[in-house]
Amino acid sequence: MKKILIIIIPSILLLFSACEDTYLEIDPLDASTEAAYFTSPDHFKAATNDFYKKMIGLRSTDGSNVYDFMDFGTDLTGYVQNYGRGVVVPGNSDAYWTRAYKYLRAINIVLEKAESYDGDTEEIAEYVAVAKFFRAYHHFQLMQRFGGVPVVTKVLDLDSEELLGARNSRYEVFAQILADLDGAIVALPLEQNIPTSDKGKISKWAAMSFKAKVLLYEATWEKYVGTSTDGDGASEGAGSAKPSEYPSVENMLTMSNQLAKEVMDDGGYELWNHNTELDDISMYYLFNLEDEGSNPAGLTKSSNKEFILYTKYDYDLYQGNVNISHTAGSRLSPSRKFMDMFLCSDGLPVNKSEVFEGYYGRSDEYKNRDNRLVSYFGDIPEDGTANLIGPGSNSGSSYSARKFASYNYGVYRAANTESFDFPQIRLAEVYLIYAETLYELNGSITDEQLNESVNKIKARAGLPALTNAFALANGLDIYDEIKRERAVELYAENSRFNDLKRWGIAEEELNQDICGDVIEGTEYEDNSDLYLPSGYPYGEITKETGVGPRRVLLLDPASNRNFQRTHYLYPLPLEQINLNSNLLQNPGY
């Protein structure tokens with residue numbers, strides 16, 4: 001195993017390896033180098049600048065992979081993936097444990113050096129706030145993946161007692177996340193005050209949006225999942241010990257709603273809606289926006305005021321360095337369920353709408369639909385057909401995805417050079433947080449509240465407003481429609497798995513058949529030039545569609561799927577348990 005010695009210099013962090021043991025990536029420091037370095041605000045700025053590259057993003061960093069955060073293998077994708085099936089086996093290591101604690105160490109170094117800084121502390125206040133934000137960010141990533149984990153708020157040494165301590169409960173982790181976010185919010189700048197040269201840096205609104213997201217996540221997890229994944233803390237899991245300051249579900253929802261509302265009203269953000277110039281598919285170009293060549297309207301990243309927190313890339317300075325256009329194109333292909341989830345232009349589901357044109361021709365189901373359907377899956381062959389020859393290494397669906405795929409891929413951008421920014425939180429999600437928290441609090445939402453949130457998203461999608469009267473007249477459930485908007489709007493943005501789990505419905509949704517194209521009553525039926533039935537090992541199955549029961553491709557049968565409450569959390573890496581016997585494994589592993 002490795003020991004990592006961190007030496008900090010003004011521009012980057014250099015990592016030097018030696019052959020010794022590690023626990024939570026705690027490494028002895030080069031004290032003289034540190035002492036010589038943290039002596040000016042520029043030193044703190046340079047150190048915290050590196051933290052931005054450690055968020056989820058295109059580049060693989062310390063074993064991370066963007067595709068682990070694009071919800072491959074959910075109920076919305078045709079691509080089959082082991083986690084979505086409930087096939088999870090404890091491994092010796094886990095990159096998302098190791099990297100998080102490595103980053104927490106670097107963050108805690110900055111915070112401890114700030115405490116002993118001899119200069120004007122106001123000059124480094126923003127960098128201290130940035131460090132606190134990222135300490136909250138990485139603890140939240142750990143909590144989402146593992147539940148309760150060791151909370152680390154100081155620089156650990158080889159003899160630190162915390163190295164052999166037990167896990168903190170998820171409730172204690174959550175309390176630390178809130179404390180750090182509160183400490184960050186008071187000292188971060190408003191987005192409007194961040195100069196153009198520093199856009200992408202964390203603003204007060206970004207920290208508030210993130211806090212709203214964390215609060216909604218924990219409130220709904222507490223309400224719908226509760227202690228079922230905690231373990232007793234004595235023989236397994238992290239236990240359910242709650243600190244005295246742990247808020248009630250109602251308080252968490254209220255705080256989340258208030259934060260979302262403040263960002264909506266005062267943050268200065270706006271949805272990126274250029275449908276007039278971009279043939280109603282703003283939602284295709286938003287996710288591959290770079291310079292003037294990235295879209296037919298010549299728009300650049302400077303036009304994007306929707307991204308609130310994001311990982312920043314630049315073609316000349318910091319390319320994505322991952323072939324996301326190719327990979328997302330095949331592995332984000334939609335399931336039958338997701339294709340039918342997009343509403344029709346009259347605001348109704350396919351099974352209720354009179355303007356839905358069915359499935360016979362390859363392009364028929366795209367007509368009179370939510371703009372996002374074409375934005376995400378609009379690569380329709382000119383002759384209206386797409387061959388079905390079997391899954392191979394991909395989904396087997398004929399639908400090709402293009403969300404997060406470069407415009408004019410292969411010409412404008414070659415493989416691995418895509419350099420669009422990767423969103424962590426954008427205004428559309430804040431609207432959805434606002435709407436969901438209102439419904440969770442009140443069991444209802446007014447038309448006015450819908451208009452200032454969900455209906456703005458629907459308008460960009462070319463859909464009519466959702467009102468309580470419209471829902472009642474058409475047998476729609478308002479909360480289900482809010483959840484539909486989350487599924488559609490936030491597709492592939494690290495949302496679906498987390499949403500299904502925090503709502504406590506992952507077992508129900510992920511253990512269903514995963515289906516693909518409609519065969520019965522379409523141009524594929526009895527057409528060997530377009531469809532090779534022998535290429536599909538599970539054949540066809542009859543399912544309800546927008547036009548009634550029809551035979552569809554079965555891509556992964558329910559009999560292959562066994563997602564359980566156990567799988568709401570990942571197992572702790574075995575090497576960490578071997579190093580520290582007080583770290584108890586999550587229940588079920």
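The values are calculated or read from the model by the stated rules, or taken from the named source; none is laboratory data. Just so it is clear, the structure is predicted and the values come from calculations on it, not from any experiment. Here the Cβ is made from the backbone with ideal geometry for all residues, glycine too, and neighbour counts use every protein chain on show.
Looking across the range 266-311, the residues that are assigned to a loop (DSSP other than H, G, I, E, B), within 14 Å of S375 (Cβ to Cβ) and of a type in the set (S, T, N, Q) come down to N273, N275, N295.
Can you tell me which residue in the range 245-256 is nearest to E436 (Cα to Cα), limited to those that are surrounded by fewer than 16 Cβ atoms within 10 Å (Cβ to Cβ) and in contact (Cβ under 8 Å) with a residue 12 or more places away in the chain? Show your work before the answer.
Initially, the range 245-256 is screened for residues surrounded by fewer than 16 Cβ atoms within 10 Å (Cβ to Cβ), giving 245, 248, 250-251.
Remaining after also requiring in contact (Cβ under 8 Å) with a residue 12 or more places away in the chain: 245, 250.
Details: E245: 24, E250: 13 Å.
By that ranking, first place goes to E250.
The residues in the range 335-351 that are surrounded by fewer than 18 Cβ atoms within 10 Å (Cβ to Cβ) and either in contact with a strand residue (DSSP E or B) (Cβ under 8 Å, 6 or more places away or on another chain) or on the phi > 0 side of the Ramachandran plot (or both) can be counted, and the count is 2.
The helices (runs of 4 or more DSSP H) falling completely within the range 457-528 that include 3 or more residues that are more than 22 Å from Y376 (Cβ to Cβ) and free of Cβ contacts under 8 Å to residues at least 60 places away in the same chain map to 468-473. The C-beta contact set for the range 139-168 (first residue under 24 Å from F210 (Cα atoms) and in a loop (DSSP other than H, G, I, E, B), second residue of a type in the set (F, W, Y) and at pLDDT 95 or above, distance under 7 angstrom, 6+ apart or interchain) comprises V152/Y101. Within the range 190-244, being assigned to a loop (DSSP other than H, G, I, E, B), surrounded by 16 or more Cβ atoms within 10 Å (Cβ to Cβ) and acidic (D, E) holds for one residue alone: D230. Close contacts from the range 542-555, counting a first residue that is surrounded by fewer than 19 Cβ atoms within 10 Å (Cβ to Cβ) and a second that is basic (K, R), with Cβ to Cβ under 6 Å and a gap of 6+ residues or different chains, come to T542/R551.
Can you confirm whether N351 is more than 25 Å from the chain's Cα centre (by Cα), among the polar types (S, T, N, Q) and modelled with pLDDT under 95? Against the criterion (more than 25 Å from the chain's Cα centre (by Cα), among the polar types (S, T, N, Q) and modelled with pLDDT under 95), N351 does not qualify. The numbered conditions (1) among the small types (G, A, S); (2) closer than 20 Å to V488 by Cβ; (3) in contact with an Asp or Glu (Cβ under 7 Å, 6 or more places away or on another chain) are all true for A328 except (3).
Of D447, D499, D477, which residue is under 24 Å from F287 (Cα atoms) and either crowded, with 17+ Cβ neighbours inside 10 Å or modelled with pLDDT of 95 or more (or both)? If you could, list the steps in order and put the result at the bottom.
Values: D447 fails: under 24 Å from F287 (Cα atoms); D477 fails: under 24 Å from F287 (Cα atoms).
Exactly one residue qualifies, and that residue is D499.
Across the range 268-295, the qualifying residues are those that are under 26 Å from K367 (Cα atoms) and free of Cβ contacts under 8 Å to residues at least 24 places away in the same chain, and the one among them that is surrounded by the most Cβ atoms within 10 Å (Cβ to Cβ) is L286.
For the range 65-78, a residue qualifies if it is at negative phi, crowded, with 19+ Cβ neighbours inside 10 Å and more than 11 Å from the chain's Cα centre (by Cα), and the qualifying residues are F72, T74, D75, L76, T77, G78.
Annotation note: of T74, T61, T48, the sole residue that is farther than 30 Å from R565 by Cβ, out of contact with any His (no Cβ under 9 Å at 6 or more places or on another chain), assigned to a loop (DSSP other than H, G, I, E, B) and among the β-branched types (V, I, T) is T61. The set of residues in the range 527-581 being modelled with pLDDT of 95 or more and aromatic (F, W, Y) consists of Y538, F563, Y568, Y570.
Against the conditions (1) at negative phi; (2) in contact with a helix residue (DSSP H, G or I) (Cβ under 7 Å, 6 or more places away or on another chain); (3) at pLDDT 95 or above; (4) assigned to a loop (DSSP other than H, G, I, E, B), A401 satisfies every one except (3).
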